[in-house]
Amino acid sequence: MEINGSLEKENTRRYHFVLLGFAEFKDILKKFVNLLKFYRIEEQGKDNTKEIIYDVENDLLCDAGIVISKLIKGSKAKLQVNKISMLTGELKRPSQKYNLGDIGIEEEPKDYSLQITQAIESAFTTQFTVDLDAFVKQTIPKIEIDITATKYKLICGTGYRAYMQFEDAIYKDIKTGSKVTRQGVTLELPNDNSAENEEILKVIDRYINELALYNLSRFEIAKKLLYPEPIEEEKRYDEDEEED
């Protein structure tokens, strides 16, 4: 099955939120309905997706900010590439996700190594000092993310459309089998700076305290949950120790 020869940037921007405390989806939905008075919120039914993230054994691609994944929904699958911002804190930019095209359910990135390599090298400024095609051929499944969600459409009289999903996500390390389960809310907003985007995000920030924004991509959330960094112990001093 053929895939695109170039990367097609998605026209949506995703914001991932984690549920805090004992918050429940039904209560959060009520708040959205009450606060977004000029919007109609329509339930779109259940949505089940599986995202498999690939890399070489030593994680060279992901460490360079290039995440290759296969997204499976029903009987269809597609290849995607996510460009991760390597900046930190407030300087960090939202990740950019690109589609490479549809593939067979059983097919993997290594089956399209040349096309993937050409697309990445033509789209990104990342300089690889290795044979990228050879590395893509060595990619293996590393992380699996299973998401069961109830999806909603946000409709405004201005013609604005956005999507929100309440989800149960299972993040799994394929090699070890270890899993972490998280509930959350994901917003899919148009990839622009519209006033409606700002309004929705402002309502969440000011009034929906049950949600905390991850300034991270789905891959970065998986990495953070599955491979938490050890907490450094603070250096302790004896009470009698004198400062120089």
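The values are calculated or read from the model by the stated rules, or taken from the named source; none is laboratory data. Note that the coordinates shown come from a computational prediction; the quantities given were computed from them, not determined experimentally. Virtual Cβ from ideal backbone geometry, glycine too; neighbours counted across all protein chains shown.
Restricting LYS137, LYS97 to those that are basic (Lys, Arg) and either more than 24 Å from GLY184 (Cα to Cα) or without any contact (Cβ under 8 Å) to a residue 12 or more places away in the chain (or both) reduces the list to LYS137. From the list GLU121, GLU106, the one residue that fits, being assigned to a helix (DSSP H, G or I) and without any contact (Cβ under 8 Å) to a residue 12 or more places away in the chain, is GLU121.
Taking the numbered list (1) more than 24 Å from GLU24 (Cα to Cα); (2) in contact with a strand residue (DSSP E or B) (Cβ under 9 Å, 6 or more places away or on another chain); (3) surrounded by 15 or more Cβ atoms within 10 Å (Cβ to Cβ); (4) modelled with pLDDT under 95 in turn, SER194 passes all entries but (2). All conditions but one from (1) at pLDDT 95 or above; (2) over 13 Å from the mean Cα position of the chain (by Cα) apply to GLY101; the one that does not is (1). Looking only at segment 124-131, decide whether some residue is surrounded by 19 or more Cβ atoms within 10 Å (Cβ to Cβ), out of contact with any helix residue (DSSP H, G or I) (no Cβ under 7 Å at 6 or more places or on another chain), over 26 Å from LYS224 (Cβ atoms) and of a type in the set (Ser, Thr, Tyr). The answer is no; no qualifying residue exists. Of all residues in segment 3-23, exactly one satisfies the criterion of being surrounded by fewer than 13 Cβ atoms within 10 Å (Cβ to Cβ) and at pLDDT 90 or above, namely LEU20.
Looking at segment 166-175, can you tell me whether even one residue there is surrounded by 19 or more Cβ atoms within 10 Å (Cβ to Cβ) and in contact with a Phe, Trp or Tyr (Cβ under 7 Å, 6 or more places away or on another chain)? The answer is yes; a qualifying residue exists.
Looking at segment 148-220, the strands (runs of 3 or more DSSP E) lying wholly inside it that each contain 2 or more residues that are under 18 Å from ASN34 (Cβ atoms), touching a Leu at 6+ places or on another chain (Cβ under 9 Å) and touching a residue at least 60 places away in the same chain (Cβ under 8 Å) sit at 161-173, 179-190. For LEU114, are the conditions met, namely being within 15 Å of the chain's Cα centre (by Cα), of a type in the set (A, V, I, L, M) and either at pLDDT below 95 or part of a loop (DSSP other than H, G, I, E, B) (or both)? Judged against the criteria, LEU114 is not a match. Which one of the conditions (1) touching a helix residue (DSSP H, G or I) at 6+ places or on another chain (Cβ under 7 Å); (2) surrounded by 19 or more Cβ atoms within 10 Å (Cβ to Cβ); (3) among the β-branched types (Val, Ile, Thr); (4) closer than 21 Å to ASP111 by Cβ does ILE52 fail to meet, given that it meets all the rest? Of the numbered conditions (1) touching a helix residue (DSSP H, G or I) at 6+ places or on another chain (Cβ under 7 Å); (2) surrounded by 19 or more Cβ atoms within 10 Å (Cβ to Cβ); (3) among the β-branched types (Val, Ile, Thr); (4) closer than 21 Å to ASP111 by Cβ, the odd one out for ILE52 is (1). Within segment 83-91, does at least one residue satisfy the condition of being part of a strand (DSSP E or B) and under 30 Å from LEU213 (Cβ atoms)? Taking every residue of segment 83-91 in turn, at least one turns out to be part of a strand (DSSP E or B) and under 30 Å from LEU213 (Cβ atoms). Taken together, TYR207, TYR160, TYR214 contain a single residue that is aromatic (Phe, Trp, Tyr) and touching a strand residue (DSSP E or B) at 6+ places or on another chain (Cβ under 6 Å), which is TYR214.
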